[in-house]
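Since the structure comes first, as structure tokens, the remarks are kept for the end.
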């Protein structure tokens, strides 16, 4: 039996004068020609020389997605190659795979451009032909990139990336590189590309659209603002988008890499004297202060404040990570890697095969994976206290809440809220007794017991005590501000009023605020 063979050739970017002689010979010699699409200028040459072929264009209409089309094309080619090999008379010497000559029984598959540039079907053939016992021969052609470099006038050595327009992600975009986006088949694809580009580029940023580059009479090049990208006509198989490289600070400053660079400069010998002098301990308090300022922006539902304060929190992470990078311990990229790996590992119900029907099951999955993570790191949880793992510097109210939650997980808890409320009454009575005894230490102790009991109640009603107290603080502040406002209206100060009047204003504030 003859060995099945597939030869893939590139039809070039569109102009028949750029078709290579080797590919032309293969096209003429082939008995079984297949083309991914006949929507290509080179197909005129097929017609002029009466070369028959089979196109896979119908699959684009029949199937739901490009990946499905490519899978179907690869499967069909492999099936045809195997069928032709089994039907053909045995050759005395089959040199397919070792020669550029296509066997008479082989399949020739022609693709636009270069077979190894933006051709998923060819990649699938490279993966599967060896397993199927098929000799695969690939013969290059001029790719659309050759024409892009020439017609758009940029040198890829300056920094260049080629991206797939059907699977474009913001994380891939790097404004400092020339960016060519291929596979821009239609306006719908262009619309998706536009929305992705807007994640990194301003709406007015100029982008270049190239149609049929290098094809006489068909080439068309437009420069439009990004927001008009999908409003232009003419998108098809020979369309691409080019975003010239830019060193605009506005674009650079939207990248994490730029932030890392700035912090490194600040800490360098040529940087800021104050930043160079700082240590983990000297700016430790800044971490706490910035976190609370971010919380204030959250509580005020202030998007502008959040944007600023979140940045300040990130800066603290960057500074501490930079200090460790300088001594070779770790960098912020190690921090990000560990975080990503932790998130993936602790969410098997999202990134793995397990499931979670609700938030409670998701939390149980998180705790289970967290315990397994500790074991993998060599931490014997059997020798640890149930209450371990709570940061010692947490505010006391938050720490009490976490302590109680951990104790409750092993069954050290009441079954209902009524005993909890009774405990609050008991602790309140003991505080009254301590106050009557005028023992200062005892009073402090009993007040702590009362607060701890109140935190227990918060768990049973599924309320975070910190959030509850924050809400009460805000409510008190608003009502007290009303008292101040009424005194200002009447032209008086606190020295000129009394508790009775202030209490009246307070009750008014309760009704309106």
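Since every read-out is calculated from the coordinates, none of them should be taken as a lab result. As the structure is a prediction and not an experimental result, all values here were calculated from the model. Cβ atoms come from the backbone with ideal geometry, glycine included; neighbour counts cover every protein chain shown.
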Grab the Cα-Cα distance for residue 370 and residue 284, subtract it from 0.36 nm times how many residues apart they are, and report the gain in nm with one decimal. 28.3 nm
Does anyone have the angle between helix 465-489 and the longest principal axis of the chain? Alpha-carbon axes, 0 to 90°, nearest 10? 70
In degrees from 0 to 90, rounded to the nearest 10, what is the angle of the helix 418-437 Cα long axis to the longest principal axis of the chain? 40
Placing one identical point scatterer on every Cα of the stretch 5-142 and ignoring solvent, what is log10 I(q)/I(0) from the Debye formula at q = 0.09, 0.20 Å⁻¹? -0.24, -1.25
Roughly how far apart, in whole Å, are the Cα centres of the stretch 441-482 and the stretch 172-215? 54
Efficiency of FRET between residue 188 and residue 471 - r from beta-carbon atoms, R0 56 angstrom, step 0.05: 0.75
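Based on the Cβ-Cβ distance of residue 232 and residue 160, what FRET efficiency does E = 1/(1 + (r/R0)^6) give at R0 = 25 Å, to the nearest 0.05?
On the way: r = 24 Å, r/R0 = 0.95.
E(calc), rounded to 0.05, equals 0.60.
May I ask you to derive the FRET efficiency for residue 324 and residue 304 from their Cβ-Cβ distance with R0 = 41 Å, giving the value to the nearest 0.05? Don't jump to the answer; show the numbers that get you there.
On the way: r = 32 Å, r/R0 = 0.78.
The pair residue 324/residue 304 has a calculated efficiency of 0.80.
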The stretch 139-153 scanned against label point 7 Å out from residue 219 along Cα→C-beta; backbone N under 20 Å for 141-153
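So what's Rg/Rh here for the stretch 21-83, counting alpha carbon atoms and using the Kirkwood radius for Rh?
Details: Rg = 13.0 Å, Rh = 13.0 Å.
Reported Rg/Rh, Kirkwood definition of Rh: 1.00.
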Which shape class applies to the stretch 146-248: rounded if a/c is under 1.5, otherwise prolate when a/b exceeds b/c and oblate if not, where a ≥ b ≥ c are the square roots of the Cα gyration tensor eigenvalues? oblate
How far apart, in nm, are the 7 Å Cα→Cβ label points at residue 25 and residue 415? 9.0
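Suppose only helical runs count, i.e. DSSP H with n ≥ 4. What mean residue ellipticity at 222 nm does that imply for the chain under -39500 (n - 2.57) per run, divided by all residues and rounded to the nearest 500 deg cm²/dmol?
Details: 20 runs with 268 residues, N = 513.
Mean residue ellipticity at 222 nm (helix-derived): -16500 deg cm²/dmol.
For residue 208 and residue 57 in one chain, what is 0.36 nm times their gap in residues minus the Cα-Cα distance, to one decimal in nm?
Working: separation 151, 0.36 × 151 = 54.36 nm, distance 2.79 nm.
Contour length minus Cα-Cα distance gives 51.6 nm.
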For the residues 17, 203, 192, what sequence is obtained by ranking on other C-beta atoms within 10 Å, fewest first? 17, 203, 192
Place a label point 7 angstrom from the Cα of residue 248 along the Cα-to-Cβ direction, then list the residues of the stretch 194-214 whose backbone nitrogen is under 16 Å away. 194-209
The stretch 256-346 - Kirkwood radius from inverse mean 1/r over Cα pairs (Å): 14.4
What angle, in degrees between 0 and 90 and rounded to the nearest 10, separates the Cα long axis of helix 284-299 from the longest principal axis of the Cα atoms of the chain? 90
Taking 2.2 N^0.38 Å as the expected size of a compact globular protein, what ratio does the Cα radius of gyration of the stretch 467-512 give against it, to two decimals? 1.21
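Please list the three semi-axes, largest first and in whole Å, of the ellipsoid equivalent to the chain, using sqrt of 5 times the eigenvalues of its alpha carbon gyration tensor. Kindly include the intermediate steps, with their values, before the conclusion.
Working: eigenvalues 939, 189, 106 Å².
Over the Cα atoms of the chain, the semi-axes work out to 69, 31, 23 Å.
Share of antiparallel DSSP beta bridges in the chain, in percent to the nearest 5?
Numbers: 14 of 35 bridges.
Counting DSSP beta bridges with both partners in the chain, the antiparallel share is about 40 percent.
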Figure the gain on full extension for residue 262 and residue 131 (residue separation times 0.36 nm, minus the Cα-Cα span) and round it to one decimal in nm. 42.1 nm
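What is the fewest-to-most order of 239, 329 by other Cβ atoms lying within 10 Å of their Cβ? Display every interim value, and only then the final one.
Numbers: 239 24, 329 10.
Ranked by crowding around the Cβ, least crowded first: 329, 239.
Taking the DSSP beta bridges in the stretch 5-142 as the whole, what percent of them are antiparallel, to the nearest 5?
Values: 1 of 17 bridges.
Restricted to the stretch 5-142, the bridges split so that about 5 percent are antiparallel.
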Hey, for a label at residue 317 modelled as a point 7 Å past Cα toward Cβ, could you say which residues of the stretch 278-304 have their backbone N under 11 Å away? none
